[in-house]
Structure formats: structure tokens, C-alpha cells
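The values are calculated or read from the model by the stated rules, or taken from the named source; none is laboratory data. This one's a predicted model, so the numbers in the text were calculated from it and none came from an experiment. Heads up, the Cβs are rebuilt from the backbone with ideal geometry, glycines too, and the neighbour counts pull from every protein chain shown.
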Amino acid sequence: MNVILATLVVSLFLSALLGFLLGVFKKVFHVTVDPAEAAVRAELPGANCGACGYPGCDALAAAIASGSAPAGACTVGGAPVAAAVGRVMGVEASAETQVAILACQGTHSACAPKARYNGVGTCAAAKLSVNGTKRCDWGCIGFGDCARACPFDAMRMGEDGLPRVNYRNCTGCGLCVAACPQKILSRVPKERTGAITLCSNRNDKKARVAKDCKVGCIKCGKCERVCPLSCIEVTDGIPLVDYARCDSCGECVKNCPTKALALIEHTVNAV
């Protein structure tokens, strides 16, 4: 009985001592938080994804409050968060809400593999070891590095070997873009309209492109010729669009023989 009482007394004493020491340490090591920093942090989404270039939302809030980062630095929050942070900081701030788009349609059935790959099952490893697994050296390798990098469950690998974007969840953080060794994922403003090329093959030999992929851009230039506003030009093997002039008429999309062009608004809203 005496042992139990002694143990209880010692436990209570240690608890009181630790509580006192914690109170002292709290006072000694207290860090005053800038009210502006706390107000900015309250407006950030709390994703802590690092897409803004800072380790997390706390670091970004500190940077915005100190003036070393703009009020619209949060790529995940987009325009609403930029406006809210701008109000806290007393400045006008805006940011475009962006989403990811894959510039490749090389599914298993459209683009055959070079050979059987037995290496490490990541896109980065396959790119480094054999320059990709498909006959198109520019196409999606298909091991899903991008999907694993997405913290918002906005990208998953399809059975056809290509990643599929859930645009309801996509925040445009850009982590999938950074993870892709082929550099065929890009961010575009969610409200953008106009044509986009869903192919990244820059080989200037039409026959080789057609042999490697059934849906690759064969550099025929027909999109240039049929565009009524002359706002599309094949540059370095890829049709590029001047979005300041493109009115989404769809003539280039309709006349592309391999269907390598699509309207952004249809692509984003269709998935």
C-alpha cells in the first residue's frame, strides 16, 4: 500500500514539475506572430503542397506578410484566395485558376511499345534508361509519376496507359507537370478557350510520326491553311496557337487528319 501511495505522490510531483517547466519554456521561447501573417494564413487553403515554391502554407503566409511573395502566389487557391489575401494585405491581387492538360494521345492501341520493359516502373527511370518505353520518344511513358505526385486525387492512370485528369479536383498546382520527365503536361488557365495540340512529337519526318503513333501530329500544315484568322502556326514541329486571336471556330480541329488538335474548353469540360 505504501508503495502505491509513494508512486502516486511521485507521479503527481513529476506532473506538476513538467507542467511548470512547460509554462516557463512557453514564456522563454515565445515567438510573436505578425497579425498580418496570421490573417493571410487563415485565407490560404492549407494544402501544404509546395506548388508556390515554399515548404507549406505557413511559410507562404510569412513570405506574403513580409512582402517577399505576391498576394496571388498561391496557385492552388486561384483567383478567390488571391482576392482574399489581397484584401488582408490592402492590395489588389488576382490569379488565374489553372488546370493541367496532357499533350499526348498515345494510348496502348495508338502507340506501340518499343519492346518489353523490365526496368524500374517509373517514368523517370524509363526515361533515363531507355528514353521511354513507346515508339514515340516524345509520348507519355505511362507509369504514373504524375498521378503519384498529385496531392488532390485529381489524376489517375487510365487502363489505356494515359493519365486522366479530374478537373473538378485539379487545382493547377503543377506538381504533376514537374514530375513528368517527358514535359508533356502543362498548366493552362481554366477559362481559356481555343485550340490546343494534343501531341508533343517534334519529329519532322511525317512517315515516321505516322508509323510510331496513329494520332500523332504529322506536320502537314493543314491547320495553318484552314484557320480563317491565321492564328495557328507549326513551330518546331508543333502547331502553336495565338490565343489572343483564336475564337474557337474549330476549323483546325475539324480538318486535322489525325485528330491531334482539340478545343481546350471541350477537353477540360469533357473529363
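Observations, loosely collected:
- When residues of region 49-64 are limited to those that are assigned to a loop (DSSP other than H, G, I, E, B) and within 15 Å of G174 (Cβ to Cβ), the one modelled with the highest pLDDT: Y54
- When restricted to residues that are closer than 30 Å to L198 by Cβ, in a loop (DSSP other than H, G, I, E, B) and in contact with a helix residue (DSSP H, G or I) (Cβ under 6 Å, 6 or more places away or on another chain), region 82-116 contains 3.
- Selection status of A39, at pLDDT 80 or above, within 30 Å of T171 (Cα to Cα) and in a helix (DSSP H, G or I): yes
- The set of residues in region 136-156 being under 21 Å from A115 (Cβ atoms) and surrounded by fewer than 19 Cβ atoms within 10 Å (Cβ to Cβ) consists of D137 alone.
- Subset tally (residues that are buried (at least 18 other Cβ atoms within 10 Å of the Cβ) and of a type in the set (S, T, N, Q)) for region 204-242: 0
- Residues that are of a type in the set (V, I, T) and modelled with pLDDT under 95 were ranked within region 178-195; the one that is surrounded by the fewest Cβ atoms within 10 Å (Cβ to Cβ) is T193.
- Flag if L229 is touching a residue at least 24 places away in the same chain (Cβ under 8 Å) and among the hydrophobic types (A, V, I, L, M, F, W, C): no
- Residues satisfying the stated conditions in region 241-271, i.e. more than 22 Å from K219 (Cα to Cα) and among the β-branched types (V, I, T): V268, V271
- Only one entry of A36, A6 meets the criterion of being surrounded by 10 or more Cβ atoms within 10 Å (Cβ to Cβ) and touching a residue at least 12 places away in the same chain (Cβ under 8 Å), and that entry is A36.
- Selection within region 228-271 - part of a helix (DSSP H, G or I) and among the hydroxyl-bearing types (S, T, Y): T267
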